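The values are calculated or read from the model by the stated rules, or taken from the named source; none is laboratory data. Just so it is clear, the structure is predicted and the values come from calculations on it, not from any experiment. A quick note on method: Cβ atoms are made from the backbone with ideal geometry, for glycine too, and the neighbour counts reach across all protein chains shown.
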Amino acid sequence: MLDSDNRHLSEENTNLEAKVEDLQEENRRLARQTASAATLGTPPSKFSPSTANGSWAGSSSPAGPSFKQSPTPSQNGPNAKGKLVFKTIEEYDEDDAVFATRIQLEWQNQVEDKASLDLARAQQQQFEDEDRELRAQLTELRQTAPATFECGICLEEQREDIVCAVDPCGHKFCRDCILAYLRSKLGEHRFPILCPICAADRGSGEPGTITSVMAQLVGLNEDEYAVFTELELASFSVLLHCRKCQQTLFVDKDEYNEHSVLVCPLRGCNYIWCKACSRGIEIGGPPHSCDGSSELSHLMTQQGWKNCPGCSTPILKVDGCNHMTCIAPGCNTHFCYRCGEIMVQSVRRQDIKAALSRHYSRCTLIEVPP
């Protein structure tokens with residue numbers, strides 16, 4: 001619109017200039033005609049000025065042609081220097097008409113110039129008003145139009161309503177690019193997932209990481225987000241599986257490392273097991289040992305079992321006398337079940353018989369129940 005107004009004003013200015021040039025040419029033409037008419041006039045060869053009315057001699061009528069003396073020298077011919085030229089009243093009237101026409105044309109030119117100037121001023125004011133209005137509209141559009149940014153992966157200009165800014169580095173990416181990058185890293189089971197620019201060593205300062213909030217916003221599906229959560233928890237937790245309730249959950253890694261006995265944190269379960277051997281531990285039972293020695297000692301004490309003093313093999317007396325023979329290969333220990341003392345380690349019958357006689361001379365061989 002502004003360009004069309006400018007072209008219109010330019011055309012009008014060109015037309016006005018052409019009119020001015022035409023008027024000036026007309027003035028010059030009229031001036032040339034006037035000068036030509038003044039120089040072409042030839043006075044009579046003989047004249048005698050009349051003292052009464054200034055008429056020519058020999059003229060009896062006062063209505064004859066009248067002349068006015070002009071001191072203007074004639075310019076007609078090379079011998080006319082200093083010669084007086086007389087013009088008739090009609091010639092002077094013609095000069096006055098030319099002069100009046102010239103003045104009228106100049107006045108008309110001034111009027112037209114003033115009208116053109118007023119029109120130009122009015123159109124200039126209209127142009128300035130429209131320009132201010134358009135500039136105001138442009139400013140409003142710039143304020144309401146969405147800003148853009150350059151994606152750090154595809155390097156294209158994108159609207160800021162789809163921007164994903166990674167903290168704390170502040171690098172910006174479009175949603176489609178960061179989603180594709182996130183899925184590729186989840187497929188590789190890499191965690192933490194760094195900002196693509198920071199991962200390429202093109203960032204400065206602390207590298208940015210993709211958080212779970214961003215992973216949700218970019219559009220990961222349920223399975224992909226479950227993998228992301230598992231990788232995120234694995235960085236500061238341990239996956240724990242309970243054999244009793246058959247449930248799996250994450251527990252704090254530091255707390256897991258501090259304890260040797262694990263307890264299922266789920267309500268209503270409270271299953272306890274050893275972290276080293278994964279065997280269950282009975283609440284209120286004997287102290288746990290991975291090799292079972294503590295439980296065996298508790299059972300032997302509870303049942304009254306005895307250990308072989310030679311090889312520490314547990315031995316239970318079902319009935320009979322207190323003379324016990326260890327059946328462990330290569331032990332051959334004979335001991336008293338009542339006091340636990342070794343009597344002899346031998347396979348010779350004479351040695352065993354002599355040891356039994358010496359020991360049971362001061363101990364009880366057969367106990368009679370009350």
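Considering PHE250, PHE228, PHE236, the condition of being within 20 Å of ARG190 (Cβ to Cβ) and touching a residue at least 24 places away in the same chain (Cβ under 8 Å) is satisfied by PHE228 alone. Checked against the criterion of being within 30 Å of ILE281 (Cβ to Cβ) and not hydrophobic (A, V, I, L, M, F, W, C), the candidates GLU188, GLU222, GLU206, GLU230 yield just one match: GLU230. For the range 155-171, a residue qualifies if it is surrounded by 15 or more Cβ atoms within 10 Å (Cβ to Cβ) and in contact (Cβ under 8 Å) with a residue 24 or more places away in the chain, and the qualifying residues are CYS164, VAL166, CYS169, HIS171.
For the subset of the range 265-276 comprising residues that are assigned to a loop (DSSP other than H, G, I, E, B) and at pLDDT 85 or above, which member is farthest from VAL238 (Cα to Cα)? By that ranking, first place goes to CYS269.
Yes/no matrix, rows are residues, columns are (1) assigned by TED's automatic domain parsing to the domain that holds GLY280; (2) part of a helix (DSSP H, G or I); (3) out of contact with any Gly (no Cβ under 6 Å at 6 or more places or on another chain); (4) loosely packed, with under 12 Cβ neighbours inside 10 Å:
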{"residue": "PHE173", "(1), (2), (3), (4)": "no, no, no, no"}
{"residue": "TYR181", "(1), (2), (3), (4)": "no, yes, yes, no"}
{"residue": "LEU186", "(1), (2), (3), (4)": "no, yes, yes, no"}
{"residue": "PHE250", "(1), (2), (3), (4)": "yes, no, yes, no"}
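Exactly one of (1) surrounded by 14 or more Cβ atoms within 10 Å (Cβ to Cβ); (2) at pLDDT 85 or above; (3) not in a loop (DSSP other than H, G, I, E, B) is unmet by SER116. Its number? Among (1) surrounded by 14 or more Cβ atoms within 10 Å (Cβ to Cβ); (2) at pLDDT 85 or above; (3) not in a loop (DSSP other than H, G, I, E, B), the lone unmet condition for SER116 is (2). Here HIS334 clears all of (1) part of a loop (DSSP other than H, G, I, E, B); (2) within 23 Å of TYR360 (Cα to Cα); (3) of a type outside the set (A, V, I, L, M, F, W, C) except the condition numbered (1).
Screening PRO369, PRO314 for residues that are without any contact (Cβ under 8 Å) to a residue 24 or more places away in the chain, closer than 30 Å to TRP273 by Cβ and either of a type in the set (A, V, I, L, M, F, W, C) or surrounded by fewer than 15 Cβ atoms within 10 Å (Cβ to Cβ) (or both) leaves exactly one candidate, PRO314. When the range 226-248 is limited to residues that are exposed (fewer than 15 other Cβ atoms within 10 Å of the Cβ) and of a type in the set (Gly, Ala, Ser), the one that is nearest to the chain's Cα centre (by Cα) turns out to be ALA226.
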